[in-house]
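Enquirer: The following block contains the structure, expressed as C-alpha cells.
Every number here is computed from the coordinates shown, using simple stated rules; none is lab data. Note that the structure is predicted; figures quoted are calculated from it, not measured. All Cβ positions, even for glycine, are placed from backbone atoms using ideal geometry, and neighbour counts span all protein chains on display.
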Amino acid sequence: MPDFQHQINSAQPTAADIKNRRWIYIPYDRYTDRTGPLTDQPAPDTGIVIVESTAKALRRPYHKKKLIVLISNMRHFALEQQAKGVSVLYHFSPHSHGQALLELQRKRHLPPLTCMTPAERELRLDLATASKQGLQLRLVEDTTWASTTEDFLNTYGPFKPGKPYVMDRFYRRMRQQTGILMQNAKPIGGQFSYDAANRNPYKNQVPVPAPPVFTPDAITEEVIAFVESTYGHHFGITENFDLPCTQSDCDLLWHFFLDHLLPNFGRFEDAMRDDHLQLFHSKTSVLLNLGRLLASKLIRDVADRVAAEAVPLASAEGFIRQLLGWREFMRHLHEQTDGYRLLADHVPQEKHPRTQEISPDQTPTAANAYKLEHPTDPYAGATPSALHASLPLPAVYWGVKSGLHCMDTVVAQVIAEGWSHHITRLMVLSNLATLCGFSPRELTDWFWFAYVDAYDWVVEPNVLGMATYADGGLTATKPYVSGAAYINRMSNFCAHCQYDPKKSTGENSCPFTALYWTFLERNEATLSKNFRMQMPYNTLRKKSPQELVQLRTRAQQAVDRLQSFKRPTY
Ligand SMILES: Cc1cc2nc3c(=O)[nH]c(=O)nc-3n(C[C@H](O)[C@H](O)[C@H](O)COP(=O)(O)OP(=O)(O)OC[C@H]3O[C@@H](n4cnc5c(N)ncnc54)[C@H](O)[C@@H]3O)c2cc1C
Ligand code: SF4
C-alpha cells in the first residue's frame, strides 16, 4: 500500500470519534490550525474531513507542480493533524468536493460539518449546490484574511459599476485601522507609500542569496509519481520540484525571506533578469493561498523588523502594501463583483463566439468550447473586454519559441516552475497580450492553470483588471502597457535578444514598440481622455503619417507571426 494511504489509514476514525468529536471540513486552500475552527477546541475533540478530488484536478490542465504542491501539502497537513491527536477522515473521490462530502456524510453518518468559507468562488458554488442536495455544512468566517468585507465596504460603499476603485484608499485605511507602520496616527517616515523608491533595475549591486531548496520527502515523491501518471497530459513539468510541503518548511521559506531577501525586496521589486529569475521576491503567494502562511502574521513580522531598524522602510512598506493592500483589495473586488460577472451590463464583453475568429487550423481550448456549449453555466468565467480584445492566445504561451527573448524566458520559467514574479506577469506576459489584443478571458484561463498560486479570487482581478484593462478601469486607473524601452530599462532581457529595443520599425526592430503605438491608436476613443494617458497620446500625435504606416505594418507582422504557430490543446 502506498506510504501515505498506509499512514493515514492506520488511524481511521471510529464510530465513537464520529459521534463525539466536532467535525470540520478543510477546503483545499485552507490548511491551517493557526486560526479558524481548528483553534476552537482541543485536538482530541476535533475531527477533520479532507477530500482529494480528481474532478477538480481535471477541471483545467493545471500545472503539474500546482497539483503536487497542493496535494502534498494536503497530505502532509492531514498527517500533521493526525500526529496532534486530531481524527482525520481523508477521502479520495472522482467527484467534486461538494458531491464527495455529500456522499461521505451519508455513508459515514457524519454530523453537520463546519468549514471556513472557502476563498475560491468555484468551491463555494460547488458546496452550495451540495448543500441544496442535503449536505449539512455550516460556513464560518474565513479568518485567514487580513481584512474583512466591512473594511472594504466602509472604504468604498456598496459596489457600483463605473466607480473607480483606487487601491490606495483601501490601503491607507487598513494602515490606519491596524496601526501597522504607523506612529501617532501618522505613517512612519512620513509617507504611506514608497513605490517611487522601488523602481531600480538590478545590475549586480548586491548578491542575490540562493533560495532554500526543499527536497521532496517520501510523501511528496509519491505525489509526484501520482501526478505524473494521472495528470501527465497537464501543463508544465514535474522535474526539480522543490516547494515546501510541510508546515515547518513553509515557515522556513518565510524566515529565509525575512532574513535574506526582504532588505532588498523593495529596491529591486520591479526588476527583471534572465539570470536571477526570483531576485528578491518571497515566493510566498503559493503558501499564503493554501493557508500555510497567514498574511497578518507576515505583515506583523515585517513591521517588527522595521521597529528593530533591521530593514529599510521602503522595502518593508513595499512588501506590506502588497499584502495589506493589493492582495486584500483584489479578493474583495472579486467578491463584490461576483468575479467580474456584475460588470456584464456595463463593460463591453468579449463576443462569445470568439472562436469564429480562430483560423481553421487552430482548435479552441476545451474551456472555451465548454463555455460556448453552456453559456449560462454559473461556473463559466466573466468575459469583460473593454478594449474589444478577442484574438486567440498564441502558441508562445505554451512554450513555442517566438524569438522575443523576454517572452521566451518567462514562458520557459512558467513551464518549469509554475511561477514568475509580478513584473514579468504584468509587463511581459500580459503586456504582449494587451498590446496584441489577445482574449483577456483566455489569458486569465491560461494564468489560472499555468501558475501554482492561481485561484479565481486572485487571478481574475489581476488579469481581467490590473493586467489587461478588460474591466474598463475598475481595478487600475490606466492600462499597464509599454514598448521595449521599459523592458530594456528594467531587465537584461534585451541584451540577449535578436531584436533591437531601440528600433521601432524595419528589420530587427523590437515588436513591442510598434505594438505599443498601434495599441494606443486602436484604442484612442476609449483611452485618450484618460488623464494618465495624456503624455503617450501627445507623443503619438506628433508621429508622421509615414511613421504610423510603418508602425502598423511592423505590428501586424508581429501579430501574424505569433498567430501562425500551432499550439497544443488539452
Ligand atoms: C497578470 C497577473 C496575474 C497574477 N496572478 C496571481 C495569482 O494567480 N495568484 C497570486 O497569488 N497572485 C497573482 N498575481 C499577483 C502577484 O504577481 C503574485 O502574487 C506574486 O508575483 C507572487 O510572488 P511572490 O510570492 O514572490 O510575491 P512578492 O513579490 O514577494 O509579494 C508578496 C506577496 O504580496 C501578494 N501580492 C502582491 N501583489 C499582489 C496582487 N496584485 N494580487 C494579489 N496578491 C498580491 C502576494 O500574496 C505575494 O506573495 C498576479 C499578478 C499579475 C500581474
Ligand atoms: S528587444 Fe523586445 S522582444 Fe527582445 S527582449 Fe527586449 S522587449 Fe523583448
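Enquirer: Once phi is turned into θ = phi - 60°, what whole-Hz ³J(HN,Hα) does the Karplus curve with 6.51, -1.76 and 1.60 give for every residue of region 421-435, x standing for Gly and Pro?
Expert: 7, 4, 5, 5, 5, 7, 9, 10, 4, 7, 4, 4, 5, 5, 4
Enquirer: Follow-up question, since we're still on this one. Along region 115-132, what does the Karplus equation 6.51 cos²θ - 1.76 cosθ + 1.60 (θ = phi - 60°) give for ³J(HN,Hα), rounded to whole Hz, x for Gly and Pro?
Expert: For region 115-132, the Karplus curve yields 8, 5, 3, x, 6, 7, 4, 4, 6, 4, 5, 4, 5, 5, 4, 5, 5, 5 Hz.
Enquirer: Starting from the amide H of residue 24, placed 1.01 Å from N in the peptide plane, find each other amide H under 5 Å away whose residue is 5 or more places distant or on another chain.
Expert: Close amide H contacts, sequence-distant or interchain: 47, 48, 49, 114.
Enquirer: Listing 342, 261 from the residue with the fewest other Cβ atoms within 10 Å to the one with the most, what is the order?
Expert: 342, 261
Enquirer: All other residues with a Cβ under 12 Å from the Cβ of residue 238 taken together, and with Lys, Arg as +1 and Asp, Glu as -1, what is their net charge?
Expert: Combined, the nearby Lys, Arg, Asp and Glu give -2.
Enquirer: By average Cβ neighbour count within 10 Å, what is the ranking of 130-142, 307-319 from highest down?
Expert: Those peptides, ordered most packed to least, come out 307-319, 130-142.
Enquirer: Turning to a different aspect of this structure: Peptides 241-247, 537-543: what's the order by average Cβ count within 10 Å, highest mean first?
Expert: 241-247, 537-543
Enquirer: Still on this structure: Taking residue 566 as the anchor, which aspartates and glutamates have their alpha carbon closer than 17 Å to its alpha carbon, excluding any fewer than eight residues away along the same chain?
Expert: Result set, ordered by chain and number: 357, 361, 408, 442.
Enquirer: Amide H to amide H under 5 Å from residue 59: which residues, 5+ apart in sequence or cross-chain, H placed 1.01 Å off N in plane?
Expert: Excluding prolines and chain starts, which carry no amide H, there are no hits.
Enquirer: So how much slack lies between residue 12 and residue 275, counting 0.36 nm per residue of separation and subtracting their Cα-Cα distance, in nm?
Expert: Contour length minus the Cα-Cα distance gives 89.8 nm.
Enquirer: Return the long-range amide H neighbours of residue 500 (sequence gap of 5 or more, or a different chain), with a cut-off of under 5 Å between placed amide H atoms.
Expert: Counting only residues 5 or more places away or on other chains, the set is 509, 510.
Enquirer: Can you give the net charge of the other residues whose Cβ lies under 13 Å from the Cβ of residue 417, counting K and R as +1 and D and E as -1?
Expert: +2
Enquirer: I'd like the Karplus ³J(HN,Hα) series for region 58-72: coefficients 6.51, -1.76, 1.60, θ = phi - 60°, whole numbers in Hz, and an x wherever there's a Gly or Pro.
Expert: 8, 4, 9, x, 3, 3, 4, 6, 5, 5, 5, 5, 6, 5, 5
Enquirer: Could you name the lysines in cross-link range of residue 529, using Cα to Cα under 23 Å and dropping any fewer than eight places away on the same chain?
Expert: Cα-Cα hits under 23 Å: 160, 163, 478, 542, 543.
Enquirer: Arranged by the count of other C-beta atoms within 10 angstrom, fewest first, what order do 49, 559 take?
Expert: Ordered from fewest to most neighbouring Cβ atoms within 10 Å, 49, 559 come out as 559, 49.
Enquirer: Grab the DSSP H runs of the chain that are 4 residues or longer, score each as -39,500 (n - 2.57), total them, divide by all residues and round the 222 nm result to the nearest 500 deg cm²/dmol.
Expert: After summing the helix terms and dividing by the residues of the chain, the value is -12000 deg cm²/dmol.
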